[in-house]
1. Of (1) over 19 Å from residue 341 (Cα atoms); (2) free of Cβ contacts under 8 Å to residues at least 40 places away in the same chain; (3) assigned to a loop (DSSP other than H, G, I, E, B), residue 438 satisfies all except one. Which?
2. Which of the residues that make up segment 289-319 are outside any strand (DSSP E or B), open to solvent by less than 60 Å² (accessible area, probe 1.4 Å) and in contact with a Phe, Trp or Tyr (Cβ under 8 Å, 6 or more places away or on another chain)?
3. Just name the residue that is most open to solvent (accessible area, probe 1.4 Å) out of those in segment 399-427 that are modelled with pLDDT of 50 or more and under 60 Å from the mean Cα position of the chain (by Cα).
4. Only one residue in 488, 446 is surrounded by fewer than 17 Cβ atoms within 10 Å (Cβ to Cβ) and modelled with pLDDT of 80 or more, so which one is that?
5. Within segment 16-48, restricting attention to residues that are open to solvent by less than 80 Å² (accessible area, probe 1.4 Å) and acidic (Asp, Glu), which residue is farthest from the chain's Cα centre (by Cα)?
6. For segment 157-193, enumerate the residues that are among the aliphatic types (A, V, I, L, M) and surrounded by 15 or more Cβ atoms within 10 Å (Cβ to Cβ).
7. Does residue 230 satisfy being surrounded by fewer than 16 Cβ atoms within 10 Å (Cβ to Cβ), over 19 Å from residue 87 (Cα atoms) and modelled with pLDDT under 80?
8. Cβ contacts < 7 Å: first residue over 15 Å from residue 383 (Cβ atoms), restricted to segment 285-299; second residue polar (S, T, N, Q) and open to solvent by less than 60 Å² (accessible area, probe 1.4 Å), any location; separation 6+ or different chain. Result?
Amino acid sequence: MDFELRMAREKLEKEQKDRKQKARLKLERERKAKQEAIRQREAIEAAQRSRRIDAMEAQLKEDQHMEENLLAGRGIMFNRVLEAVPYPGIGDKIKLPPSCFTELSDQGSFDKGPLHFCLSLVHHVNSSNTEGAQSQNTGTTHAGVLEFTAEEGFVGLPPHIWNNLFSKSVPEVPLVEVRYVWLPKGTYAKLQPIEFGFSDIPNHKAVLETSLRQHATLSQNDVLIVNHGVLTYHLRVLELKPSPSISVLDTDIEVDIVGPDSAPEKTDQHVLIPIMFGKSEFGVVEEGNYMYYKFSIDVDVWELISSGDSEIEVKIDMEAQDGDTDLYISKHPLLFPNRHQHGWSSHDVGSKVLVLSSRDQSLAQGTYSIGVYGFKGKTKYELSVTVQDRSNSKVGQQAVATSSTFMEADTVECRNCRHYIPSRTIALHEAYCRRHNMICQHAGCGVVLRIDDAKNHTHCEKCGLAFHGGEIEKHMKVFHEPLQCPCGVVLEKEQMVQHQSSDCALRLVTCKFCGDMVQAGTSAADVRDRLRGLSEHESVCGSRTAPCDSCGRAVMLKDMDIHQIAVHQRG
């Protein structure tokens, strides 16, 4: 009986203990569940609070951005994200879709003056390479508008805008944010050419002014492209006033041009190396290439030359026996003389000399370029430009002439060489002359030659000029090998030089109105302009108006002289 009671009690105690353990575990689970629920609720509330804060900050930024846009646009709110496509234009005028015209017109933007836009790149954030995406270039520049003819969703960018926006790399989808802004008129600009030689251009500030007429804006750190004939220069915008981005429409800007920071890397563009009178320059030229130098005839030197007492001697001495060069000289504005275009040339085999004297009608005070052309092989040379005194040589020539006149009274003409010989020695001279000398039988030549040297004396079959045997090959190649002009005409050297100096529509001439070197083009469309001798470019360029200095009226540039005579009686 006691055993049964004990067993029943133990069983009851065990059941009570199990129930307590289960109740304790249940309470523990419920406590943990409550704590987890609290944590989750707090996390959700924190996330919601963070999203609300982010949304508020984003709204504040958006409101601030809109306020800035309204301020920058003087009340005009225009912002589009468009895909960029290039088009072959000049200047900084972009092409926008027709819908942009409607949106801008509805806000009255056309009543506020010229349209200016801020262009910025829109970057895609790549989750797999976020760091690389953030390291892309952040291009920003400004532009005007050319027309509203682009396809919807696209913006057409000329090379100037494209190169400044995508200066490092072009993304797969080049998205650009186009935002309307108001820009102040510029008063000052500091530019720095990337290449050497921009200051060698005659009237280079006038050339820059002509290039800026194709632009509506300038932005700091942009690179400006300036074309001058066949030459292309890049100028970086270092500083602008009164703001880092300005409008250049209908305004006078003070421009400072500073020199490049360092020597440029090897480039195909030529550079003029200064050369001083009386000092030599040493160089090496490869076959088919040019080396260029420049010198100036100032007032003092020109007085000596124009008086006839002095002349300029340009001399080139060669060191390589197997090479050869040609020498070309031109007066600015032709900066780089070549086989097609030049003022003076020398094609002698070996060392050569060009003499510029007052007898040359085209010689005048100014700056001149020298082109050393590698005709054959790799040639080392020494180039010098000197001012030679001619007064001593004139005295010698007069003395010789006087002596010859004195001897003419007692001389007889040799029947072989046709030289006048003293009569007392004519018999001995003719006997010797017939044994050792002969006369060239080529029509119009008559040069007396040593019999041993006659085999090296030859004449060009085309022009009849006489040459040493080793020079005729170069003469045929230089003067009689056809050259092709860029306009398509094929001529020999002499005719080509004449063609490119006065006839070719593609020849470069200096516009009398803008000072730039431009293609002459065909005849002017206006009959009156043709009678004035204006080229096609000058006819168009001269149609621009400028205020008269006397009366302030807007007068076309090409009519300014007539206006001064007719209205103000100024001849």
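The values are calculated or read from the model by the stated rules, or taken from the named source; none is laboratory data. Computed from a prediction, not measured in an experiment: that's the story for all the values here. Cβ: placed from backbone, ideal geometry, glycine included. Neighbour counts: every protein chain shown. Surface accessibility is based on the protein's heavy atoms, side chains included, excluding ligands, DNA and RNA. Shrake-Rupley method; radii C 1.70, N 1.55, O 1.52, S 1.80 Å.
1. Only one criterion is unmet by residue 438, namely (3).
2. Within segment 289-319, just 301 meets the criteria.
3. Within segment 399-427, the match that is most open to solvent (accessible area, probe 1.4 Å) is 418.
4. Numbers: 446 fails: modelled with pLDDT of 80 or more.
Selected residue: 488, the only one of 488, 446 that is surrounded by fewer than 17 Cβ atoms within 10 Å (Cβ to Cβ) and modelled with pLDDT of 80 or more.
5. Going through the qualifying residues, I end up with 18.
6. 157, 161, 165, 175, 176, 178, 181, 183, 189, 191
7. Yes: the conditions hold for residue 230.
8. Pairs that qualify, where the first residue is over 15 Å from residue 383 (Cβ atoms) and the partner is polar (S, T, N, Q) and open to solvent by less than 60 Å² (accessible area, probe 1.4 Å), are 296/367.
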